[in-house]
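Q: This is the structure I want to talk about, given as structure tokens.
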Amino acid sequence: MRFTPLPHHTVEGPPGAPVLVLGPSLGTSTAVWEPQPPTLAEHYRVLRFDLPGHGASPGALLPDTGPGRTTVADLARLVLGLVDHYDTGRFHYAGISLGGAIGAQLALRHPERVASLALVCSSAHFGGPEGWRERAALVRRAGMGALAGLMPARWFADPATAGTPYGKALLGDLAAADPAGYAACCDALAGYDVRDELPRITAPTLVIGGIHDTATPLDHARELADGIPGAGLRTVATGHLAIEDPGAVAAALLTHFRAAGAASV
């Protein structure tokens, strides 16, 4: 039998509890969800993963990290392989930014697997492809250091967060990312556009938008909530990574997943 490599991941929470998969944003690792699992893991088997070339996941998880070769569908297949490894049937899913795009892809292509969905500071379309292709080319050419000065204002509600221990840890994950894997994920975002497919998402969906998010402003959250049948919209006082108010994010997720679980009984 062929061995399929798995993304690096962590597992927390009671065995036998419903599975909740948490997907990270581009440039981050499992650490971006660090504030939430202690609360979420009281009720769910929480599975966090690293994107290819991020954290402890090798870029070689992807068959080809060359320019333009990676899609969000490729990333979603890795996540599906991970939950299959744990013999998980249906699972809840929450993702930040690119992590949210992966969740929407799973909900569209594998609706029978996604029990409920939460899209955090995410989008149905992350802008024109040119900017993502330019960023991919930049890191392939100059390495991750080329982005160091750009991300604090993009990621955090207050750029001073970059100087806190947690902010430094997140920026450290960015600096340590494999340029080829990071660039491949940029290529995936360049080709991502599910605006016309949103009405086909059947999983109970919560959209969380950051009031101070400049990377995917609230218009992106509203477009998701308006396009997905029955989706709810919650705003929180956070930037793009949704880290400034973890309690509000965790509470919104718990309320949503519990309601979805009760409705499916």
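Where a number appears in this text, it was derived from the coordinates with a stated rule and is not lab data. What you see is a predicted model; the values in this text were computed from it and never measured. Glycine also receives a Cβ, built like all others from the backbone with ideal geometry; neighbour counts cover every protein chain displayed.
Q: Any chance you could run the full-extension gain for ILE211 through LEU150? It's 0.36 nm times the residue separation minus the Cα-Cα distance, nm to one decimal.
A: Numbers: separation 61, 0.36 × 61 = 21.96 nm, distance 1.97 nm.
The span from ILE211 to LEU150 would gain 20.0 nm if fully extended.
Q: Suppose a student asked you for the relative contact order of the chain, using Cα pairs under 8 Å spaced at least 6 residues apart; what percent would you report?
A: Details: 567 pairs, mean separation 58.2, N = 265.
The normalised contact order for the chain reaches 22 percent.
Q: Which FRET efficiency, nearest 0.05, do ALA248 and LEU6 yield, Cβ-Cβ r, R0 51 Å? Can you show the working numbers first?
A: Numbers: r = 32 Å, r/R0 = 0.62.
After rounding to 0.05, the efficiency reads 0.95.
Q: For the chain, with a Gaussian network of springs between Cα atoms less than 10 Å apart, report the residue from ALA142, ALA237, ALA188 with the top mean-square fluctuation.
A: Maximum fluctuation in the GNM of the chain, among the listed residues, is at ALA142.
Q: Could you check which residue among THR28, THR39, THR216 shows the biggest mean-square fluctuation in a GNM of the chain with a 10 Å Cα cutoff?
A: Sorting by GNM fluctuation, first place goes to THR39.
Q: Using Cα pairs closer than 8 Å and at least 6 residues apart in sequence, work out the relative contact order for the range 82-232, in percent.
A: Values: 230 pairs, mean separation 44.8, N = 151.
Computed over the range 82-232, the figure is 30 percent.
Q: Let me ask you something else. Need one number: nm distance between label points at ARG141 and ALA237, each 7 Å from Cα along Cα→Cβ, rounded to one decimal.
A: Here the modelled spin labels are 4.2 nm apart.
Q: Going by a ≥ b ≥ c, the root eigenvalues of the Cα gyration tensor, does the chain fall in the rounded group (a/c under 1.5), the prolate group (a/b larger than b/c) or the oblate group?
A: Working: a/c = 1.35, a/b = 1.21, b/c = 1.12.
Rounded, since a/c falls under 1.5.
Q: Now for a different question. Please rank HIS110, HIS85, HIS54, fewest neighbouring Cβ atoms within 10 Å first, as an exposure proxy. Mind dumping the intermediate values first?
A: Details: HIS110 16, HIS85 12, HIS54 29.
By the 10 Å Cβ count, ascending: HIS85, HIS110, HIS54.
Q: Taking a spot 7 Å from the Cα of ALA176 along the direction of its beta carbon, which residues of the range 54-86 have an amide N less than 16 Å from it?
A: Backbone N within reach: 54-59.
Q: Give me the number: length gained by fully extending ARG109 to GLU42, i.e. 0.36 nm times residue separation minus the C-alpha to C-alpha distance, one decimal in nm. Please report the intermediate quantities before stating the final value.
A: On the way: separation 67, 0.36 × 67 = 24.12 nm, distance 2.96 nm.
Stretched out fully, the ARG109 to GLU42 stretch lengthens by 21.2 nm.
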